[in-house]
1. In Å², what does the accessible area per residue of chain A work out to with a 1.4 Å probe?
2. Tell me the angle of helix A:97-110 to the major Cα principal axis of chain A, expressed in degrees between 0 and 90 and rounded to the nearest ten.
3. Hey, quick one: spin label on B:Asp12, modelled 7 Å out along Cα-Cβ, who in segment B:25-65 has an amide N within reach, i.e. under 12 Å?
4. Treating the angle as unsigned and between 0 and 90°, give the value, to the nearest 10°, between the Cα long axis of helix A:16-32 and the longest Cα principal axis of chain A.
5. Rank A:Ala172, A:Leu4, A:Phe144 by how far each Cα sits towards the positive end of the charge dipole of segment A:2-181 (+1 on Lys, Arg Cβ; -1 on Asp, Glu Cβ) and give me just the farthest.
6. In segment B:141-163, what residues drop by 10 Å² or more of accessible area when the other protein chains are put back, versus the chain on its own? Use 1.4 Å, and skip ligands and nucleic acids.
7. State to the nearest 20 debye the size of the charge dipole of the protein assembly as shown about its Cα centre, where the only charges are +1 on K and R beta carbons and -1 on D and E beta carbons.
8. Counting other Cβ atoms within 10 Å, which GluC sites (Glu not before Pro) in segment A:285-330 have at most 14 and lie in a DSSP loop?
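The values are calculated or read from the model by the stated rules, or taken from the named source; none is laboratory data. These numbers come from a predicted model, not from an experiment. As a convention, Cβ positions derive from the backbone with ideal geometry for all residues, glycine included, and neighbour counts pool all protein chains shown. For the accessible areas, the whole protein counts, side chains as well, though only heavy atoms, and no ligand, DNA or RNA atoms are used. Shrake-Rupley method; radii C 1.70, N 1.55, O 1.52, S 1.80 Å.
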Amino acid sequence: MSVLIFIDTTDGHVKKSSLEVLTYGAKVAEQLGTVAEGVVLGSVTEDLAALGKYGVKKIHQVADDSLNHLDAQLYAKVIAQVAESTGAKVIIFSNNVDGKAIAPRLSVRLKAGLVSGAVALPDTSNARPDDPVGRGFVVKKNVFSGKAFANISVSTDIKIIALSPNAYKTVAGDGTAEVVAFNATVDAAKVKVTNTTKASGEVVLTEAEIVVSAGRGLKGPENWGMVEELAKVLHAATACSRPVADAHWRPHNEHVGQTGFAIAPNLYIAIGISGAIQHLAGVNRSKVIVVINKDAEAPFFKAADYGIVGDAFEIIPKMTEAIRKLKGVA
Amino acid sequence: MKILVCISKTPDTTAKIAFTDNNTKFDVNGVQWIINPYDEWYALVRAIELKEADAAATIHLITVGAADAEPIIRKALALGGDEAIRVNADSHDSFYIASQIAEIAKQGGYDLVLTGKETIDYNGSSIGGMVAELLDQPYVSLATKFELAGTKATITREIEGGEEVNEVELPVVVSAQKGMAEARIPNMRGIMAARTKPLKVVEPIAADALTTVAGFGLPPAKAGVKLVAADNVEELVRLLHEEAKAI
Ligand SMILES: Cc1cc2nc3c(=O)[nH]c(=O)nc-3n(C[C@H](O)[C@H](O)[C@H](O)COP(=O)(O)OP(=O)(O)OC[C@H]3O[C@@H](n4cnc5c(N)ncnc54)[C@H](O)[C@@H]3O)c2cc1C
């Protein structure tokens, strides 16, 4: 028995969300009295052994070049082979773009119940000592777009958990992992990747610790310079409300809310956003929420931890300035 | 070209979220139901656009749900689509639902199965991937664009901080999100036509449920906002640094 963690990579680099699942998976293994192992597909430029500091003991690598890009069908087949050979009883993914594609396929392949969007460690307190993962395996996940949670009981022999990004804190300790080549049967990929575009140097919205978001209160796209500047001093990602994206003031991939991205940063700063229920649905899992709005009656203040009632155009530059001072940058 | 679009019924985005039966059931009292926005705005509308570009294309809609899902599927038919299938089962387990959809998909021999990226109630984002695996077909998830040339699909999918373009031969299963299409409003003609479009009800096949909901809960309420004066922005920054330890 083991806990198997999928280590997701991009361009040969281990994603931040992978460090979260490694930390989480090691904790699950400890809880079940077993070991945590990892699986990584394709070629990786980073030192995999160093990932041992997150608690993983062994990493199985299938370094086949046809796995350098995601084809969920192929990935699920290969991960299933690793899972079978290691006797994995719990398999862990990040509920990120790749996890959402692979985990459901693997769930079918292994007939393993899947909990996607998990936000906490599984509750195994009702499990029997002789059968630690057999029954009473309950995982908490978000439902109703962050407005509620559900405890999902998984009844299958093998369980799959897809952990929400930013829901579990990465903890690094000591240790190195043993990296072993895994010999898998790899079919030809059916999905061909012809192009990849990535905004370089920007903080990725779904992974960001801090997000600066602005709404219609900013009046027009020409006023986003100050929002970007604030984001820059905070090393934050930028986001926006739906009407802002719909009006093409900002790109679609900044739209947060019920019908855009759901995010859970440590700090969410909402400027000139009214706080409609559909907007809150995408940001309500943020740990600290700051609202800046000129209308004291804006519904967002009810969901906020800190707030300023005032004009965004005056407050944003002052805030940028104050943060610069705090960080000691000119 | 045969397209199958998966349609799910979800509570309206403003619905009050509460639970009954000792927090084991969603309280449907007073809830308005809508088509899951991702299914409607992106999956269904893109399918309609594909049919507009290819008159020979057919669109079937499928929902797995009880009879109370029928108003939703009629609403979807008012937007477009040739006929609908309702699998008469009420389940919240993704594997069970996906098994039903895959069965219909196998029988119908579809070139393209479209789903929304997730439902706004269970937020599973799992049905598309499961259906694809059950059909042994490729799956492209979180798609923002779908173009077709003959039997080759060019699909753009979201990746962290960017996009990736995928090429794949039909048949394929795709989950759709923002970017795929612009939301539409059904017109009078569509609403009239929807009344007479075929809506087939079929009984479910035997399938397992791999998960069950043990209970629901609501997140703890916020303690209340701490307001800082507009002329004291430095104080806000101090609080975020020293008290919230967020910066
Ligand atoms: C099915 C459905 C799904 C939806 N999904 C989403 C979603 O995913 N995401 C989303 O965001 N919305 C979504 N919406 C839309 C949502 O209901 C709101 O309309 C939207 O969030 C409002 O955007 P906003 O706050 O930017 O604009 P507004 O509601 O117009 O608010 C602007 C705010 O700016 C403030 N303001 C104006 N000037 C200033 C100033 N100088 N300084 C400071 N503050 C100022 C105003 O007081 C006001 O509170 C959805 C709606 C529906 C029906």
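1. Result: 38 Å² per residue.
2. Once rounded, the angle reads 30 degrees.
3. Label zone hits: B:30-35.
4. The answer is roughly 50 degrees.
5. The listed residue farthest towards the positive side: A:Phe144.
6. Residues losing area: B:Ser141, B:Leu142, B:Arg157, B:Glu158, B:Ile159, B:Glu160, B:Gly161, B:Gly162, B:Glu163.
7. 840 debye
8. For GluC sites (Glu not before Pro) across segment A:285-330 that sit outside H, G, I, E and B with at most 14 neighbouring Cβ atoms in 10 Å, the list reads A:Glu297.
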